[in-house]
């Protein structure tokens, strides 16, 4: 049984992501991710150190923004954008995180390059309510 509420879990995930991706505070980030963190993402090495080491290799211009966030029980899903990574397009992400004992214990993601207005067949942005400038 979960010891934290879905609202607490959402706040935890957002603070963890901000600490790691935006503030780049690796020591502080360690307190958010479990020592036994399980990483399901195919582009990230295993464990907490795999994630921290990946973030260390991307440009300091990396920026994470979140939009929608939902939680049920110990699971949080957040819709976000990773930009400033030195790639031609930002990544739009759906991150699924399982919380255990107040820490991020397990992670899955779905990533897609962000479409420009010309590439969007629907004419709608993939993140937020307008295309980035």
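Here, each number is a calculation from the coordinates, and none is a lab measurement. Only a predicted model underlies this, so the values are computations on that prediction, with no experimental measurement involved. With ideal geometry, Cβ positions are generated from the backbone for all residues, glycine too; neighbour counts draw on all protein chains shown.
Taking only region 103-124 into account, find how many residues are crowded, with 17+ Cβ neighbours inside 10 Å and either free of Cβ contacts under 8 Å to residues at least 24 places away in the same chain or out of contact with any helix residue (DSSP H, G or I) (no Cβ under 9 Å at 6 or more places or on another chain) (or both).
Qualifying residue count for the region: 5.
Could you look through region 70-102, keep only residues that are assigned to a loop (DSSP other than H, G, I, E, B) and touching a residue at least 60 places away in the same chain (Cβ under 8 Å), and pick out the one that is farthest from residue 54 (Cα to Cα)? Steps first, please.
Initially, region 70-102 is screened for residues assigned to a loop (DSSP other than H, G, I, E, B), giving 73-74, 84-90, 101-102.
From what's left, touching a residue at least 60 places away in the same chain (Cβ under 8 Å): 73-74, 101-102.
Values: 73: 29, 74: 25, 101: 25, 102: 23 Å.
Checked region 70-102; the qualifying residue farthest from residue 54 (Cα to Cα) is 73.
For region 54-66, state whether one or more residues are out of contact with any helix residue (DSSP H, G or I) (no Cβ under 8 Å at 6 or more places or on another chain) and closer than 27 Å to residue 7 by Cα.
So in region 54-66, the residues out of contact with any helix residue (DSSP H, G or I) (no Cβ under 8 Å at 6 or more places or on another chain) come out as 54, 57-61, 65.
After this cut, where a residue has to be closer than 27 Å to residue 7 by Cα as well, the list is 65.
Yes - at least one qualifying residue is present in region 54-66.
Could you check region 35-50 and list, in sequence order, the residues that are more than 13 Å from the chain's Cα centre (by Cα), within 15 Å of residue 96 (Cα to Cα) and buried (at least 16 other Cβ atoms within 10 Å of the Cβ)?
37, the sole residue that qualifies.
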